[in-house]
Amino acid sequence: MKTYKLTAFEANGEKILDEAFQAGNDEEAKGIGEKLIREKGLSEKTHRCTSPAGKLILFHR
């Protein structure tokens, strides 16, 4: 398992979510990240998910 990082921001750049989670691969991480964003009601906020290697897995502006 690898550790992925999920972050979300307000329009002014304030970080409102900074969470790490475990996933087996990038596709699984993308699904988990999307689910967490929906559950937290942050779908319309700017958010991103990055891999341990720094690869952008999920992004919404």
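Here are the numbers:
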read-out	value
From 31, 24, residue being at pLDDT 95 or above and closer than 12 Å to residue 3 by Cα	24
Count - residues of region 4-30 that are open to solvent by 30 Å² or more (accessible area, probe 1.4 Å) and outside any strand (DSSP E or B)	11
Identity of the residue in region 31-54, in a helix (DSSP H, G or I) and not charged (D, E, K, R), that ends up surrounded by the most Cβ atoms within 10 Å (Cβ to Cβ)	33
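The values are calculated or read from the model by the stated rules, or taken from the named source; none is laboratory data. This structure is a prediction, so every number in the text was calculated from the model and none was measured. Here Cβ is always computed from backbone atoms with ideal geometry, including for glycine, and neighbour counts include all displayed protein chains. Ligands, DNA and RNA are stripped out before the accessible areas are found, and what is left, the full protein with its side chains, is counted by its heavy atoms. Shrake-Rupley method; radii C 1.70, N 1.55, O 1.52, S 1.80 Å.
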